[in-house]
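As structure tokens, the structure follows; a few thoughts come after it.
The values are calculated or read from the model by the stated rules, or taken from the named source; none is laboratory data. None of the values given here were measured: they were computed from a predicted structure. When we count neighbours, we look across all protein chains shown, and the Cβ atoms used for this are built from the backbone with ideal geometry, even at glycine.
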Amino acid sequence: MGWGFDSKSRKERQVTPVEERGSNVLGTAPIGRLMLKLAVPAVAAQFINMLYNIVDRIYIGHIPEVGDLALTGVGVTFPIITLVSAFAAFAGQGGAPLAAIQLGAGKKDQAERILGNSLALLLMTAAVLTVGFSAFKEPILRAFGASDATIGYASSYIGIYLLGTVFVQLALGLNTFISAQGKAMTAMLSVLIGAVLNIVLDPIFIFVFQWGVRGAALATILSQAVSACWVLAFLCCPHSILRIRRAYVRPDPRVMGKIAGLGVAPFIMQSTESLVTVVLNTGMQTYGGDLYVGSITIIQSIMQMIVMPTQGITQGVQPIMSYNYGAKNYGRVRKTYFTAITIAIIAMTVTFSVTMVLAGQRFNNTVSSVKEKENMYSKLAEIDKYVRDNAYYEINDDPLNDTIASGYMLGTGDRAAVYYTANAYAELQDIADGKLMGIGVDVVKDASGAARIIRVYDDSPAAEAGLEKGGYITAIDGTDVKGLTRDNVISRLRGETGTTVTVTYLSPASEEQEITLTRSRYTIPCVEYELLADNSGYVKISAFNNNTASQLDYAIHQLTSSGATGLIFDVRNTSGGSLDAAVASISLLCGEGDVVSALYKDGSTEVLGTSNADEVDLPMTVLVNSGSSYCAELFASSIREFGKGKIVGVTTAGKGTIQADPYQLDDGSAVVITVAKMLTAKGESFDGVGVAPDVESTLTSEQEQNFYDLTPDSDPQVARCQEVLAQTLGSDSTDEEGDASDQDVNTTENAENTEEGSDSASSEG
């Protein structure tokens, strides 16, 4: 045969009867039945392999908050993974047909020599690939289409995957030698074992252990390791016609040359596929960004479905053709060849047709949306060209882009949608991390445009410097505040701990002075309380955050210990906050039951918080106004729906939606969108309509203007709450409630008609 094997140095082993029966089936069984027996398991193996790859991507795509970027990052690694598979095909698909040919010729010893050399080649390539790709993985990934946003996910995934390169090489490369013996079911089982294990381990590693893409990669290499052990165990056991023998796992240049000659074709095919993926990824990254790269990742899964049957059929018939070629049964070779082509064409046609029908249905459902997007981009491009060609003023692209993004969020119709510039979002994060602090005041803008101080926090730089409630800040670092919004004033007062800010301060006595303050940490109470003269416990909740529940619990304990006969919760102008904090606060007061649920776009609901029945047995009222929003509205409605008390004031803002966490864009900016509607304990929604009071109580225009000068003792709305509590306790008759309500001053209902009232007191400078 011209193989160059030294047949004189080793007596060719004889084939045992069992081995002979196994190999002779390839040369004697009817072609059709034999092809069915071998091709079906091979197609099934391909399907299983495709399935667990798709499941792997589904799990990665559903990683909370970062799923899309993680999927894109993993997609960037596919060219490397494909290239690793190509080298496995180089040795496996190059050696397995040659081994089958030698089996057909009755030369089992030479067939096992090919198996041993293929194993050696797989081990060598595994070592080279692991070291080479690990050493240069980041520049390679960036060349393959990774961005700054996805490079971390791509590097994490491939870094762990490369550690299992040897398992991938052995599992993929040696499994072909099992198929070459006609044992397609055994070859399928090696794939099935790895697939099932991967599907089981993926959610455990990704979500339970919270390892993210690292968990997905670890699940993959562990699965491949088990598959490799299965393949090696079979090729070393007596049931295998071809067995791995230590003496043959020695590189023989002549044998490896023959393997390379046949293996170069599948290697080029798969490596070319890797190159195509690189071109697609880099092109999508250049002209579309991470979203387009992620889309290509999904499309590649669909392409696998189309080519899967053909690949399975090819793998199934290869042992038949190789064995009969070695046995010189050329008629069976030709018959197998033409039968395989016919079946492959039919399978490809059916698969392609089904895929196109399904894809066409999806396309028809989304084509209108695509056209709308095209119209939007086309319109924007048309405007941009006209303006740039004709505008007198030079365009600054940065604020232009921010304005466009902000306008888009506004145009969605989502009242709660927000766009943060890169600087604004960075500042928001620094505030949350405690990196930015202020001087310890809260301000509103009055009619004159000055920043009026409505609160000075204890032990703050402002308190130590003598700034008082009712005073004014007229300038910050020499900049007049009249030209600034309230948010601008707050932002300028903030800064890193230890930095200074100079303010021009006008005291309540109209004494002006410049004061330099050093920013530092201070405590911002979100719950303040006092016992009123009639033994009503007054509790002001200015914010719902991580400290609210504990501070509220303490306030209630202090008030009840002091003899409070009822509780007044003031949530006027309290907006935003954390739902978890609101639920924890409600749980301190109300009985057992669901507090809040989310209603999603698809109609499904999810309970987000429950009360544990650790309730307070005192009559209650909740004081609200049109500045009460979100958590404050949920708090008020819960007190009423759990039968704990009444709501006093005017109808609230009606912000009853749930927003996702900020989604950070590539340039550091971020967007927030609504993802669900909030439902109260009784399954009702107050979004857009607000929470109506049980007892209406309003303020006069003058009282509105001087809202922050009101104290619990001088506030007519607090007094109304006291009346309601007294009625509940039986101090007044039921019909007296209506008489008392008539005594309310019927003026402007909206507590935010003035600029002072519209500003929330939850932001500190």
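Quick notes on this structure:
- Options G194, G159: the member that is outside any loop (DSSP other than H, G, I, E, B), in the same structural domain as N49 (by TED's automatic domain parsing) and under 20 Å from V128 (Cα atoms): G159
- The residue list L242, L197 contains one member that is more than 20 Å from G316 (Cα to Cα), among the aliphatic types (A, V, I, L, M), touching a residue at least 24 places away in the same chain (Cβ under 8 Å) and buried (at least 18 other Cβ atoms within 10 Å of the Cβ), which is L197.
- The set of residues in the range 202-213 being assigned to a helix (DSSP H, G or I) and surrounded by fewer than 18 Cβ atoms within 10 Å (Cβ to Cβ) consists of P203, I204, F207, V208.
- Every pair of residues 6+ apart whose Cβ atoms lie under 6 Å, when the first sits in the range 663-692 and is closer than 28 Å to I151 by Cα and not assigned by TED's automatic domain parsing to the domain that holds F635 while the second is of a type in the set (S, T, N, Q) and modelled with pLDDT under 95: S669/T421; A670/Q664; V672/Q659
- In the range 520-551, residue surrounded by the most Cβ atoms within 10 Å (Cβ to Cβ) [restricted to those that are in contact with a Pro (Cβ under 9 Å, 6 or more places away or on another chain) and at pLDDT below 90]: Y522
- If the condition is being exposed (fewer than 13 other Cβ atoms within 10 Å of the Cβ) and more than 41 Å from the chain's Cα centre (by Cα), then the range 468-501 contributes D477, G478, D480, K482.
- In the range 623-641, the qualifying residues are those that are closer than 16 Å to V527 by Cβ and hydrophobic (A, V, I, L, M, F, W, C), and the one that is surrounded by the fewest Cβ atoms within 10 Å (Cβ to Cβ) is I639.
- Residue check for D148: of a type in the set (D, E, K, R) and not in a helix (DSSP H, G or I): yes
- Enumerated strands (runs of 3 or more DSSP E) restricted to the range 411-508, each holding at least 1 residues that are touching a residue at least 12 places away in the same chain (Cβ under 8 Å), of a type in the set (F, W, Y) and not assigned by TED's automatic domain parsing to the domain that holds E704: 418-420, 472-476, 500-506
- The range 131-157 residues that are touching a residue at least 60 places away in the same chain (Cβ under 8 Å), paired with ones that are in a helix (DSSP H, G or I) and among the hydroxyl-bearing types (S, T, Y) (beta carbon under 6 Å, 6 or more apart): G145/T282; T150/T72
- Residues of the range 263-281 that are crowded, with 17+ Cβ neighbours inside 10 Å and of a type outside the set (D, E): G263, P266, F267, Q270, S271, S274, T277, V278, L280, N281.
- Only one of the listed residues (A105, A96) is among the aliphatic types (A, V, I, L, M) and crowded, with 24+ Cβ neighbours inside 10 Å. That residue is A96.
- Residue in the range 601-617 that is touching a Lys or Arg at 6+ places or on another chain (Cβ under 7 Å) and either surrounded by fewer than 24 Cβ atoms within 10 Å (Cβ to Cβ) or within 21 Å of T560 (Cβ to Cβ) (or both) present: no
- Test: residue in the range 173-180 that is surrounded by fewer than 23 Cβ atoms within 10 Å (Cβ to Cβ) and assigned to a helix (DSSP H, G or I): no
- Any hit, the range 64-85, residues being β-branched (V, I, T) and more than 20 Å from A217 (Cβ to Cβ): no
- Subset of the range 437-480 that is in contact with an Asp or Glu (Cβ under 8 Å, 6 or more places away or on another chain) and among the small types (G, A, S) - its residue that is nearest to G495 (Cα to Cα): G438
- Yes/no for V226 being without any contact (Cβ under 8 Å) to a residue 40 or more places away in the chain and within 14 Å of L174 (Cα to Cα): yes
- The criterion of at least 2 residues that are over 20 Å from P712 (Cβ atoms) and out of contact with any Pro (no Cβ under 6 Å at 6 or more places or on another chain) is met, among strands (runs of 3 or more DSSP E) falling completely within the range 560-658, by 592-599, 605-612.
- Taken together, the residues in the range 502-535 that are more than 22 Å from S448 (Cα to Cα) and more than 46 Å from the chain's Cα centre (by Cα) amount to 5.
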